[in-house]
1. Taking the condition of being part of a loop (DSSP other than H, G, I, E, B) and under 44 Å from the mean Cα position of the chain (by Cα), how many residues in the range 490-504 meet it?
2. Looking only at the range 393-424, count every residue that is modelled with pLDDT of 95 or more, under 11 Å from residue 439 (Cβ atoms) and surrounded by fewer than 18 Cβ atoms within 10 Å (Cβ to Cβ) and tell me the total.
3. Taking residue 132 as meeting all but one of (1) under 34 Å from the mean Cα position of the chain (by Cα); (2) modelled with pLDDT under 85; (3) part of a loop (DSSP other than H, G, I, E, B); (4) closer than 30 Å to residue 169 by Cβ, write down the number of the exception.
4. Keeping to the range 19-66, report how many residues are in a loop (DSSP other than H, G, I, E, B) and modelled with pLDDT of 85 or more.
5. Residue check: is residue 251 touching a residue at least 24 places away in the same chain (Cβ under 8 Å), in contact with a strand residue (DSSP E or B) (Cβ under 8 Å, 6 or more places away or on another chain), crowded, with 24+ Cβ neighbours inside 10 Å and under 13 Å from residue 169 (Cα atoms)?
6. Looking at the structure I just gave you, is residue 270 modelled with pLDDT of 90 or more and buried (at least 20 other Cβ atoms within 10 Å of the Cβ)?
7. Among the listed residues 482, 439, 492, identify the single one that is assigned by TED's automatic domain parsing to the domain that holds residue 395 and more than 28 Å from residue 406 (Cα to Cα).
8. Being assigned to a helix (DSSP H, G or I), over 26 Å from residue 144 (Cα atoms) and touching a helix residue (DSSP H, G or I) at 6+ places or on another chain (Cβ under 9 Å) is the filter here; which residues of the range 69-109 pass it?
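The values are calculated or read from the model by the stated rules, or taken from the named source; none is laboratory data. This one's a predicted model, so the numbers in the text were calculated from it and none came from an experiment. Neighbour counts run over all protein chains shown; Cβ positions are idealised from the backbone, glycine included.
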């Protein structure tokens, strides 16, 4: 129990939470009062580094309580181990922690205070060098302060393989300025250094360079600094360097891996991305045709974070560099071409679809995209159009007609689904189903479950519709019944049987009855 002003008495818990709260608040007065009432805190072995009081003070920027904690520890006769040895044994690197958490005032204190808390800039160990960590924070004045004090741009984590060690250029590449890149390079940063990048969606990638990271972050200024430092010939070589997945800096730029792009209307951001891609392609035009197991440039663009106006603008840039037709039709790891990928997200809001997606399709077709392509699931362009749920308008007949003459309309995917199976299931696509039937789609073909398109229609949904103002229009029971009846009528008039059982011995008639009952109870 500790007494505080105004007679307040607070009680400690088993985990030392009260003391930790005082440390976090940087409250020296109450910290000293706590010690006076309760004695020095127990600096025992914490279960996790995060529970250590020195760790807590540093990551929270509690510089004053950090200083007092060190004084308390050193004056506590119960402590048999020097403070610096204790921190090293627990792998608690205070300067690194301060830099990583952008607590630069605390970091300045640690650099100036001397032993036992003061740390060397170029210390080796399991933690990355403080300079590397500081570069990630992009507080450039502080980074320059570290450099001015003798921090080495080559210091790194020698416990890791050479291709996995973080580099200062890699740390700064995502957000660092032209001036920061130039300063780091002038001080001897390794232009050719490679490291491991931890991608949020897909895990670790080896052999990543600063140019990969800067390109993927659309950091044009940093890329320009690298170009000037490399020179034209070496930069062209750097632009052709692949990571462990075979991806070039160009591919990173098209993916926009750091996801700095998130607003299709952000013209300034789009412009920056275009300049990065242009610069990379102009430096080494051959990279437009480089392929990896994940595809070529067009696959990375259509599978990346860039959507809408940005995607269309980047597509036009790529096409200006005269890619081979084999590049336009390259397949990603799922076997999809860029065209198939674009078609699979045609269902985005109507404005985006009309303004960007259909023009993307037309651009690809005009430059040799294969209308007959299919992915590893056996899904064609018609499958992709049919399988994606639409939140707004029906699929344009004109879009379907771009593919119907070329694609086998009755081709089944690996699960036996034809385009009509998928289309009939999407109850908003009544007219698209009618068109497929009119153009020869087989209404009695069965998938691996023994379902005909009529069976699948009974499992379909009429999905809410997104309106122009962004609101969602939910269908009424009457609307659901009407569109289902229309689909049933189209299929039956073409010869579909309402009484044909599937492998589960269910007929479309039985499924229709069950569907109506669920709808009437408010379900789907």
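1. 3
2. Residues that pass the stated criteria total 3.
3. Single failed check for residue 132: (3).
4. So the count comes out to 7.
5. In short, no.
6. Details: modelled with pLDDT of 90 or more: no; buried (at least 20 other Cβ atoms within 10 Å of the Cβ): yes.
Here the answer is no, as residue 270 does not meet what is asked.
7. Going through 482, 439, 492 in turn, the sole match is 482.
8. 69, 70, 72, 73, 74, 83, 86, 87
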